[in-house]
1. Per residue, how much accessible area does the chain have with a 1.4 Å probe, in Å²?
2. Taking a ≥ b ≥ c as the square roots of the Cα gyration tensor eigenvalues, with a/c under 1.5 meaning rounded and otherwise prolate when a/b beats b/c, else oblate, which class fits segment 188-230?
3. Can you give the relative contact order of the chain as a percent, counting alpha carbon pairs under 8 Å and 6+ residues apart?
4. Taking the full set of protein chains and a 1.4 angstrom probe, give the accessible area of TRP242 in square angstrom, rounded to the nearest 10.
5. Could you compute how much accessible surface HIS77 exposes when probed at 1.4 Å, giving the result in Å² to the nearest 10?
6. Specify the residue with the greatest mean-square fluctuation among GLY114, GLY59, GLY92, computed from a Gaussian network of the chain linking alpha-carbon atoms under 10 Å apart.
7. Per residue of the chain, what 222 nm ellipticity follows from adding -39500 (n - 2.57) for every DSSP H run with n ≥ 4, rounded to the nearest 500?
8. Give the ranking of TYR229, TYR243 by solvent-accessible surface, highest area first, calculated with a 1.4 Å probe.
Amino acid sequence: MRSFVTATRVKNTHTGLKSGWMNGLAGVIIFSGSLPATRIAVREMDPFFLTFSRASIAGVLAIMMILFLSQARPQRHQLISLVVVAAGVVVGFPLLTAMALQHVTSAHSIVFLGLLPMATAIFGVIRGGDRPRLAFWIFSVAGSLLVMGFALLQKGSVSVTGDLLMLASVVVCGLGYAEGAKLSRELGEWQVICWALIISLPLMLVATLETLPENIGEISLQAWLSLGYVSLFSMLIGFIFWYRGLAAGGIAAVGQLQLLQPFFGLGLSATLLSETVSPMMILITLGVILCVVGSRRFAL
């Protein structure tokens, strides 16, 4: 009987891990379109307006989901965590990346996302109680060093302002990911991002009106579609899969899937924006993919 129970637990653990990695991968694929879409939008929109309007649109949709599915309000002790999530992924990351993309190309900024797994893993240990093995950290550090090495080797495309903004966005995003994943175990995956959006909504609506472009009628359809993508997919749908994956498979472990995001994002940048993807970018991306494989093996 004991062996049957043990086997069942092991099976459930493997099932949970598989589900976590599948949901996490779906989230990463969705997020991969964020920076190329943002790059398109900031060509014609102020980054502040883009940040505030995407959060406002997603916030209205979040209210509709909460009301339609009759979800209970979060408890008082959960509000601080929701504010942290909102500050990190609703406002901080979108604003900082939008500002950075005024100084660097989408292809250049995407490579910085290779640092997100390290940031997420660190905050996963601090906030989520994860305890990965030493080999995990070796692979994670190796992936991060590959990304940083690439950034330092760049010449003509370097912008100190853009790079610092991208680094700041990585830190606040890693915190928002870890805090949201931790809270999703209590509140639910899609409920976390919905309530974070709702908490932010009053401020975001006012800020959207304050930053409304004077030439709003001249903004192209392509820019509006980009705003629609980052509002619906990057700000809402992607987080439903992502938080579900982090909660099921572990914050530090599933967070390493973010190392694959540059691979998808670089392809989109080359296709949609006709940006140059150098052989060095491809080699770095392949290197971080190998680090994902290694870190996944030693995550638990």
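1. Per residue, the chain has an accessible area of 46 Å².
2. The shape class here is oblate.
3. Averaging sequence separation for qualifying contacts and normalising by length gives 40 percent for the chain.
4. 0 Å²
5. For HIS77, the solvent-accessible surface is approximately 120 Å².
6. Maximum fluctuation in the GNM of the chain, among the listed residues, is at GLY92.
7. It comes out at -24000 deg cm²/dmol, rounded to the nearest 500.
8. Result of the area sort, largest leading: TYR229, TYR243.
The values are calculated or read from the model by the stated rules, or taken from the named source; none is laboratory data. Keep in mind that what you see is a predicted model, and the values were worked out from it rather than measured. For neighbour counting, all protein chains shown are included, and Cβ atoms are generated from backbone atoms with ideal geometry for every residue, glycine included. SASA here: full protein model, heavy atoms, side chains in, ligands and nucleic acids out. Shrake-Rupley method; radii C 1.70, N 1.55, O 1.52, S 1.80 Å.
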